[in-house]
1. Only one of these conditions is not met by Trp14: (1) modelled with pLDDT of 90 or more; (2) outside any helix (DSSP H, G or I). Which number is it?
2. Scan segment 187-205 residue by residue and report those that are of a type in the set (Val, Ile, Thr) and not in a strand (DSSP E or B).
3. When both residues are 6+ apart or on different chains and their Cβ atoms are under 6 Å apart, which pairs have a first residue that lies in segment 97-108 and is in a helix (DSSP H, G or I), and a second that is among the aromatic types (Phe, Trp, Tyr)?
4. When only residues in segment 209-237 that are in contact with a Leu (Cβ under 8 Å, 6 or more places away or on another chain) and assigned to a helix (DSSP H, G or I) count, which is farthest from Thr42 (Cα to Cα)?
5. Going through Ala125, Ala135, Ala80, Ala149 one at a time, which residue ends up being assigned to a helix (DSSP H, G or I), small (Gly, Ala, Ser) and under 12 Å from the mean Cα position of the chain (by Cα)?
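The values are calculated or read from the model by the stated rules, or taken from the named source; none is laboratory data. Because the structure is predicted, anything quoted here is derived from the model rather than measured. For neighbour counting, all protein chains shown are included, and Cβ atoms are generated from backbone atoms with ideal geometry for every residue, glycine included.
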Amino acid sequence: MPDDKTDSVPEPHWPEGPEVTARRALLRQQTQLLGEELDWLTDHTRIPAEALQRSADFNDVGGQCFSLATWMLAEVVRAADKVQSKLAWDETFEAHHVTAELQTRVLQAVLEPTSRHAPGLYAMAEIVAAVPIVATREAVPPCRFITIATNAQRFGAKIARDGTDVQLLVRNYLRSPASSAGIRQLDATRLNVDDETGITSVTPVAHLVAAARQAVMQHIRCPKGVCVAMLARAPGHRPDSIDAETVYGAIWSAYAAAADRLIFAHIDTTALPVEPLAGRDPDFARAMDALARKRASEWREGYPGKIWQAAREEIRTVLARYK
């Protein structure tokens, strides 16, 4: 099992301008407020079975988890739109000395919740979807899947602390080569069960994050700061959560519980594709650099915009069910 004591890699710090600090302050306000709008954060049984619309095959764990994440994303987008008028726009701009020119950019960032929340929610879906395959390979009984999925929020936190670019690089590195364009899945051969973080990567995750961070700095931009969901306080109190005081922890706990009830309970583990564990990768840094260069090229060509446009279309489909 990889030694994750390498998490002692020092955290980088970059100066932040008024646009960044104001945006983060507003997003933190928004996250705090939307948490109070989502009743399923404190009662996961409110997540309906209808959230799983993409596939009728319960052993299509990736499809089921993607569908559940899409339902949650639609819920978060609806809540975010609902609380916009409650945000302290003027006070925040004044407190952070944001010029009129920069205010427009901050507004655009805060008022576009789909592309902001999608990476984190789909990362959670990918990680949780890997749990049954990784756990089955190691002869872990299904009754423990929810524990592994809940604990995996610590693994997710390790790759989410430096912003979307770093997170996507690590996820692309761990991505299964058999993943379809519509549903990303992690390569279970590169993952292992871990007592502390639920699952972990065979090549220590701290090494992967450090390499991704360096590659992002070199080819894209300075990595952004911690996810605001890790800073905003969660509504109510969830004693069964390992990180109940944050919206990040509350969302992950609700997702894991819903996955256990709606997906894990119906899986035929004897039919899961179980592949052997891979060894550590000595060329991970070179792979990260190549992925960063590819992502930078895609940004220049507008490819990420196509990805988020597809995500928005998926959200429109889900939101239509509420009308």
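1. (1)
2. We begin by selecting, within segment 187-205, every residue of a type in the set (Val, Ile, Thr); these are 189, 193, 197, 199-200, 202-203, 205.
Correct list: Thr189, Thr197, Val202, Thr203, Val205.
3. Gln103/Phe93
4. In the first step, residues of segment 209-237 are kept if they are in contact with a Leu (Cβ under 8 Å, 6 or more places away or on another chain); the result is 212, 215-216, 228, 234-236.
Now drop any that are not assigned to a helix (DSSP H, G or I), which leaves 212, 215-216, 228.
Numbers: Ala212: 34, Ala215: 38, Val216: 36, Val228: 19 Å.
So, considering only residues that are in contact with a Leu (Cβ under 8 Å, 6 or more places away or on another chain) and assigned to a helix (DSSP H, G or I), the one farthest from Thr42 (Cα to Cα) is Ala215.
5. Details: Ala135 fails: under 12 Å from the mean Cα position of the chain (by Cα); Ala80 fails: under 12 Å from the mean Cα position of the chain (by Cα); Ala149 fails: under 12 Å from the mean Cα position of the chain (by Cα).
Exactly one of Ala125, Ala135, Ala80, Ala149 is assigned to a helix (DSSP H, G or I), small (Gly, Ala, Ser) and under 12 Å from the mean Cα position of the chain (by Cα), namely Ala125.
Table: residues versus (1) farther than 21 Å from Ile263 by Cβ; (2) surrounded by fewer than 18 Cβ atoms within 10 Å (Cβ to Cβ); (3) more than 18 Å from the chain's Cα centre (by Cα); (4) not aliphatic (A, V, I, L, M).
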site	(1), (2), (3), (4)
Gly17	yes, yes, yes, yes
Leu27	yes, no, no, no
Thr31	yes, no, no, yes
Asp43	no, yes, yes, yes
Ile47	no, no, yes, no
Leu52	no, no, yes, no
Phe58	no, yes, yes, yes
Thr70	no, no, no, yes
Leu73	no, no, no, no
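The rows are residues; the columns are (1) crowded, with 20+ Cβ neighbours inside 10 Å; (2) in contact with a Phe, Trp or Tyr (Cβ under 6 Å, 6 or more places away or on another chain); (3) modelled with pLDDT under 90.
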position: Ala95; (1), (2), (3): no, no, no
position: Phe145; (1), (2), (3): yes, yes, no
position: Thr150; (1), (2), (3): yes, no, no
position: Val170; (1), (2), (3): yes, no, no
